[in-house]
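No lab work stands behind these numbers, since they all come straight from the coordinates. Note that the structure is a prediction, hence the values are computed from the model and not measured. For neighbour counting, all protein chains shown are included, and Cβ atoms are generated from backbone atoms with ideal geometry for every residue, glycine included.
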Amino acid sequence: MTYYHMAPVLEQDIQKTMPHGLAHVVISRWQRTANPATGLADLAAAVKADKEAARALAAVRNLHLPDGLDLSADNETIEARAQALAAKFEQKEMLGMSYQHMMDAADKEGIRSAEVFELQLRKIAKAAESDDEELLAEGIAGIKGRLKEKKWWKRQLYKFLYRAFEAVMRECGMVHRRAGLYISSEAFKRFEQRKLKARAFFEQAEAICEETGESFVLAELWEHSMANPAIRRMELMTRMRGFDEISRVHGHYGCMVTLTCPSRFHKKLSKNSADNPKFDGSTPRDGADYLQKVWTQIRANLGRAGIRIYGFRVAEPHHDATPHWHLLLFMEQAHKEAFRRVVAKYGCRSDREELGLNYFETDKERTAEARRRQEAILRESGKKISLAQLKAAMKTEDEFWENYSFRFWQKSRASARVDFKDIDPAKGCAAAYLAKYVSKNIDGLTNSGESMGDDDEAEPGTSAAETAKRVGAWASQWGIRQFQQIGGVPVTLYRELRRVHVDAEDSLLYRAVHAADQGDWGKFVALLGGEDYAFVKRADLPLALYKEETDERNQYGEEKAAILRGVVELETGEYLISREKEWILKYGGSAAAWTRANNCTKISEADLAAVSDTITYKIPSTPEEIEQTLAACEEIDDLPNWDILPDESWDFDLDLYGFDGEEQGKGRLKKSRSRQDKIIAAAREAADAARQKSLDIWKFKDYMRRLDGLRMVKPLTDDTPVIKQQRRQRYQPRPRVWTVDDVLARGKELLAKIGEELEKLD
């Protein structure tokens with residue numbers, strides 16, 4: 001048996017071009033390909049291994065990384081590069097460079113400026129339409145301010161390097177069902193380390209309301225928020241069930257639509273995980289952008305045709321990380337065929353030849369092709385055929401789909417790109433059709449806490465509860481939104497009304513509160529949607545979010561968003577306040593605002609000086625807000641930075657691929673887990689101490705408030721009214737209970753009336 005060795009020139013090139021860990025992966029993969037464990041090795045296997053290694057080298061060289069960075073860059077290198085880029089763009093602004101040229105320069109550094117600055121570009125476009133110079137200046141300042149900031153560049157460089165690394169791992173064949181399902185093992189480990197880091201932070205961080213003295217550990221709030229996978233899954237199922245009930249009442253047509261990317265987006269074949277010869281190097285992010293573009297075209301065409309829809313969309317990965325969509329949609333029965341034509345038209349437009357669909361998008365393209373064929377026939381046979389005859393045998397896109405029959409659609413090749421499945425009410429509710437995909441993308445569990453079964457994309461016998469974590473890591477890695485509601489009432493109204501409890505009253509606002517409190521999404525939509533139900537437009541809703549405007553601006557000179565406080569009924573002006581308290585988040589060795597308290601003295605200045613730095617955040621209640629909180633916590637020195645994997649961290653993962661040094665790798669892995677356990681134990685101990693300290697402080701503050709309530713600020717004979725300082729609000733809430741100040745004020749009024757009556761008697 002012949003044993004092949006990698007050419008020294010190739011090995012040196014790999015070691016020089018790639019980071020240490022990735023070079024290990026590529027070289028070991030070459031050995032396995034050129035010298036298989038079974039069968040005799042031949043020259044063809046060695047040639048195949050050389051081609052795979054060359055492809056990996058080309059993938060690394062084509063990354064166009066920012067100057068001074070490579071895939072093995074450590075934290076210090078990235079921080080130094082971020083500092084240099086911030087100084088570079090500050091100089092560009094001083095030289096008078098426009099924001100367009102600065103964005104072009106940022107694109108050369110690996111930044112998708114059109115995507116990153118989407119909000120600022122919208123402000124600029126709106127300002128151009130309305131001639132609002134202040135809004136224009138704000139949008140430009142937001143772009144330039146970020147390009148001049150070191151922290152912003154650091155986050156962008158991390159994101160760019162992580163995605164570039166994952167793209168190379170995917171190119172090297174490390175992302176598929178037989179290696180790393182949905183995401184490479186290295187990227188998945190980094191994601192799990194971030195979750196450990198977040199958990200340690202939540203255990204030590206404390207949310208405090210200084211007005212009431214209430215205190216909660218952030219980990220406790222997380223358990224009861226939408227960030228909890230179980231709560232998130234149940235809410236999604238509740239909303240889907242509500243839409244299903246509405247469709248049954250009104251007799252709407254329901255269907256499941258699956259949208260898939262063309263073959264060029266897929267790195268691996270689904271049957272045997274072999275390399276796809278049509279793959280063009282597209283990343284999962286490119287695939288997500290493609291699907292979003294197709295859906296935008298579909299929604300625009302449906303809107304022009306007057307076809308209204310509502311439902312849900314779920315994005316999930318194929319085994320090689322290529323995204324695809326599952327949509328549960330409802331519409332009027334009369335629009336069934338027109339809806340299918342629109343979806344099939346745009347879903348199959350790209351690379352339609354591989355689906356066996358031959359037509360031309362426009363009549364201009366058809367005429368050009370007919371003229372080319374006419375000239376070819378005339379040149380070869382001397383016959384002249386009219387353009388009208390040639391065009392009669394050709395079809396434009398609209399002509400093709402106008403008469404297309406979907407009767408046997410699932411048997412056609414086009415069903416691999418766009419698939420339709422009618423919802424049969426006799427077989428069960430519509431939510432059951434999408435429940436599997438929802439659960440697979442959250443935690444892989446049913447409402448009873450059991451596994452939903454095996455994952456179809458994984459190896460047989462692999463539970464979806466195990467692969468759900470990798471799906472979450474995949475979505476976080478590539479910045480893909482997993483769930484989206486289409487049509488219907490905004491879910492924020494539903495969530496805000498579930499935060500309040502009111503007694504029964506005969507008004508729309510209070511009926512909506514009770515519907516939300518009962519978890520009846522169908523009734524909630526019916527109350528707010530009126531005759532149009534789920535087809536209602538957002539602008540026609542009778543309820544709106546009540547927000548307080550603020551004059552504050554962020555570090556980039558942009559106006560801060562209005563603060564959400566509750567819900568208001570637009571017709572009557574009646575409102576409900578769902579967020580009355582102001583919360584701050586404190587982190588550190590002393591989670592509370594004060595270090596000690598006693599029953600006879602006030603808090604001393606020394607105590608205040610001993611308090612650790614306070615970090616103020618908005619309390620995260622959604623996965624997106626938690627991601628933002630974690631990003632803000634990256635600069636906390638007390639937390640170890642686990643986002644950067646040192647070279648040695650590669651070594652204890654090599655056994656995943658069957659490399660040598662398995663025992664050594666297990667030892668290092670055990671050591672790493674021991675370190676993580678110590679960190680988690682220390683965090684839990686600190687959290688328990690902070691919780692007890694916060695409880696003691698709350699008792700003291702409650703005692704002091706009671707004493708203050710008994711103290712008379714002014715004599716009863718003083719006619720000067722006591723003005724209570726209140727937070728600036730658009731609508732002033734009614735007092736819920738009588739306070740001590742209210743009783744004293746009422747007593748003053750009664751004494752005054754008694755005095756007047758006595759004077760009359762005299």
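Couple of notes before you dig in:
- Here the contact order of segment 491-577, divided by its residue count and restricted to Cα pairs under 8 Å and six or more residues apart, works out to 25 percent.
- Computed from the C-beta positions of CYS429 and ASP289, the FRET efficiency with R₀ = 51 Å rounds to 0.95.
- Given R0 = 45 Å, the distance between the Cβ atoms of GLU129 and LYS108 translates into a calculated FRET efficiency of 0.90.
- When the pairs LYS148/LYS293; LYS336/LYS395; LYS123/LYS148; LYS150/LYS469 are compared against a 27 Å limit on Cα-Cα distance, LYS148/LYS293; LYS150/LYS469 fall above it.
- Lysines whose Cα lies under 21 Å from that of LYS48, excluding same-chain neighbours fewer than 8 positions away: LYS267, LYS268, LYS271, LYS278
- Placing a label point 7 Å from the Cα of VAL502 along the Cα-to-Cβ direction, the residues of segment 535-556 whose backbone N falls under 18 Å of that point are 541-548.
- Relative protection proxy for 231-238, 86-93, from highest mean packing down: 231-238, 86-93 (other beta-carbon atoms within 10 angstrom).
- Separation of alpha-carbon centers, segment 395-453 and segment 260-328, rounded to whole Å: 14
- If the segment from THR296 to GLU365 were pulled out straight at 0.36 nm per residue, it would be longer than the present Cα-Cα gap by 22.5 nm.
- The modelled label-to-label distance between GLU402 and GLN484, using points 7 Å beyond Cα along the C-beta direction, is 3.1 nm.
- Loop trypsin sites (Lys or Arg not before Pro), segment 550-591 (other Cβ atoms within 10 Å of the site Cβ: 12 or fewer; DSSP): LYS560, LYS581
- Ellipsoid semi-axes for segment 256-359, based on the Cα gyration tensor and the rule √(5λ), read 27, 15, 12 Å when sorted largest first.
- Simple label model, 7 Å out from Cα along Cβ direction - GLU76 to LEU761, nm: 9.0
- Packing-based ranking, highest mean first, of 399-409, 265-275 given that Cβ atoms within 10 Å are counted: 265-275, 399-409
- Stretchable slack from GLN83 to GLN555, in nm (0.36 nm times residue separation minus alpha-carbon distance): 168.2 nm
- Diffusion coefficient, µm² s⁻¹, Stokes-Einstein with Kirkwood Rh over alpha-carbon pairs of segment 491-577 at 25 °C and 0.890 mPa s: 175
- Ordering of 105-111, 241-247 by packing is 241-247, 105-111, highest average first (other Cβ atoms within 10 Å, averaged per residue).
- When the convex hull of its Cα atoms is projected in every direction, mean area for segment 8-61 (nm²): 3.6
- In straight-distance terms, cross-link reach from LYS748 covers every one of the lysines whose alpha-carbon lies under 18 Å from its own, apart from those fewer than eight places away in the same chain; here that gives LYS714, LYS724.
- Stretching the chain fully between HIS101 and ARG349 yields a gain of 85.9 nm (0.36 nm per residue, less the alpha carbon separation).
- When ARG170, ARG55 are sorted by how many other C-beta atoms sit within 10 angstrom of their C-beta, beginning with the fewest, the order is ARG55, ARG170.
- Cβ-based net charge around SER98, under 14 Å, with every Lys or Arg adding one and every Asp or Glu removing one: 0
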